[in-house]
1. Under the definition of Cα pairs under 8 Å and six or more residues apart, what whole-number percent is the relative contact order of the chain?
2. For the chain, which DSSP H helices look membrane-span-like by this rule: Cα extent along the axis of 27 Å or more and mean Kyte-Doolittle of at least -1.0?
3. Mean shadow of the chain, computed from the convex hull of its alpha carbons, in nm²?
4. How much mean residue ellipticity at 222 nm does the chain get from its helices, if each DSSP H run of length 4 or more adds -39500 (n - 2.57) and you divide by all residues, to the nearest 500 deg cm²/dmol?
5. Please work out the Cα center distance from the range 33-49 to the range 197-223, rounded to the nearest Å.
6. Please compute the net charge surrounding residue 298, taking Lys and Arg as +1 and Asp and Glu as -1 over other residues with Cβ under 12 Å from its Cβ.
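Since every read-out is calculated from the coordinates, none of them should be taken as a lab result. Because the structure is predicted, anything quoted here is derived from the model rather than measured. Quick reminder, even Gly has a Cβ in these numbers, built from the backbone with ideal geometry, and neighbours come from all protein chains shown.
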Amino acid sequence: MIKIVQISLENEMDLILAHKRSRKVAEKLGLTIATQTTFVTAVSEIVRMVIEYTDRGNLEIGLEQNNFRYSLKALVSYDSDVKLNSKDDGFYYAQKLVPEFGIKEKDGKSEIEIKIGIPRSLQLNQHKIQLLAEFFLSEPPINPYEEIKIRNLSLHKIAGEQEEELRRSKIIDEKKNEFISIASHELKTPITIIKAYTQLVKASEGQFSDRIRGFLDKIDHQTTKLVSLVQQLLDVSKIENGSMVYAIEKTELNPFIMEMVSVMKNILPHHEVIINLPKEINVQIDRLRMEQVFSNLIGNAAKYSGKNTQIKIEVFQEDEKFVKIAVNDQGIGMSEDSVKSIFNKFYRDKDVLTTHSGLGMGLYIASKIICDHGGAIWVESESGTGSTFFFTIPCE
Ligand code: ADP
């Protein structure tokens, strides 16, 4: 059937729509007044019954071609749970009116079909049917009820499309995460082996020229970078899968920071790291994950500031429940836009895209770790004058 009109049948107002629309279709086809009335009355009788007994029916009016003859057809469908039969009042009457009447069950739906043949003299053809369909597509609503119905329908359609879009992007996201997870696992093993052999060679008794030793140092340094990148990729996929696990333990904060900073000082020889600690505080942290947060913030402080500038780490007892830690640098700072987006996955300030290497994962991971500890993380920064990253962690 080539569909011309469709009306969902929910309440009595739809009976008016069905009546008016079926009349209009019959009239536009050029049927006689008597045939129009016959068709409209039959459609209305069926629709009235369906509306009376169900609240989720559907009416379609269209044209069907059979051996060069066209028929005007109305198809009313409703849930099969509602048992109606051709002897029921309205159906019985409709059957008497039209030459073809059928009732059947299909895919859990009951369908009633009526047909009236179109006289050949009306010279109906595909082109005319197309024009008719277009006419009804652009027909204005018959009454405010239909207007609201059409709007509801299009809202429903948009909501459906958005749901579908969301479902599709979720699948793509899942595939991407799976890929990141597999790729980083596959990368981790060879990189770890390269690093281990480089260190073995460096530690061996062999006689190397300074040049070769320089090369080995470079390989070692770059593989360390690669290991940390791959680790970040793995962490991102863990965050996305919701599979980050924490081993929270009571930790004395001051020695923890001192130890970490002394290790970091070796890697950052061009910066002066100043620490300002209060009286001893015990915190509840996953030590390895918290080391990751500190090394990301201190590493960034060094990376995004000039040589021989200061990096200041300060700890404040906020209240009984939290300590606040500030990591301050005298570096390039960042724009207001960046301050808002800096903790988003893969975000990088446009000013550093070509000047500093990185993937924009560190702060995203750090913020997740802090949030999972029940704390908060934020930044205060101004372009050109440096940045201070703050975060809070729970204390004993
Ligand atoms: P990456 O450094 O690998 O790009 P991060 O997630 O650690 O990833 O940082 C995200 C972005 O935040 C950086 O690209 C940079 O634009 C900005 N940023 C981070 N720390 C600082 C800082 N201390 N000073 C200025 N910009 C920073």
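1. 10
2. On the way: long enough: 33-53 (30 Å, 0.89); 144-203 (86 Å, -0.56); 210-241 (46 Å, -0.34).
Going by DSSP H runs, the hits are 33-53, 144-203, 210-241.
3. Across all orientations, the chain yields a mean hull projection of 33.5 nm².
4. Theoretical 222 nm ellipticity from helices: -17500 deg cm²/dmol.
5. Each part reduced to its Cα centre gives a spacing of 93 Å.
6. +1
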